[in-house]
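Quick notes on the structure that follows.
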Amino acid sequence: MNDAADKMKHQGEELGGKAKEAAGKLTGNERLEAEGNADQVKANLKQAGDDVKDAVGH
């Protein structure tokens with residue numbers, strides 16, 4: 001996968017996590033909310049890695 005595709009994938013994972021978290025809050029499902037939050041954290045870490053690769057020049 002190329003860098004642009006990775007970035008888009010990671011952003012999609014973050015949005016999916018936000019949606020999952022919101023659904024958990026809406027339904028009172030703490031587990032779903034926590035999973036959504038965890039998904040966002042993982043996606044943000046991946047995005048930070050993308051930023052480091054960009055800064056270093058791959």
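I'd like the orientation of helix 30-56 relative to the chain: the angle between its Cα long axis and the longest Cα principal axis, in ° from 0 to 90, rounded to 10.
Its long axis makes an angle of about 10 degrees.
Under a point-charge model restricted to the Cβ atoms of Lys and Arg (+1) and Asp and Glu (-1), what is the dipole moment magnitude of the chain relative to its Cα centre, in debye to the nearest 20?
Charge dipole of the chain: 100 debye, to the nearest 20.
Please give the helix 3-27 orientation as an angle from the longest Cα principal axis of the chain, in degrees from 0 to 90, rounded to the nearest 10.
10
GNM on the chain, C-alpha springs below 10 Å: top fluctuator among 36, 12, 28?
28
How large, in Å, is the stretch 3-49 by the Kirkwood hydrodynamic radius built from its alpha-carbon pairs?
Details: mean 1/r = 0.0955 Å⁻¹.
Every distinct Cα pair counted, the radius reaches 10.5 Å.
The numbers here are math on the coordinates, done by the rules we state, and not lab data. Since the structure is predicted, the reported quantities are computational estimates derived from the model, not experimental observations. FYI the Cβ positions are ideal-geometry reconstructions off the backbone, even for glycines, and counts take in every protein chain you see.
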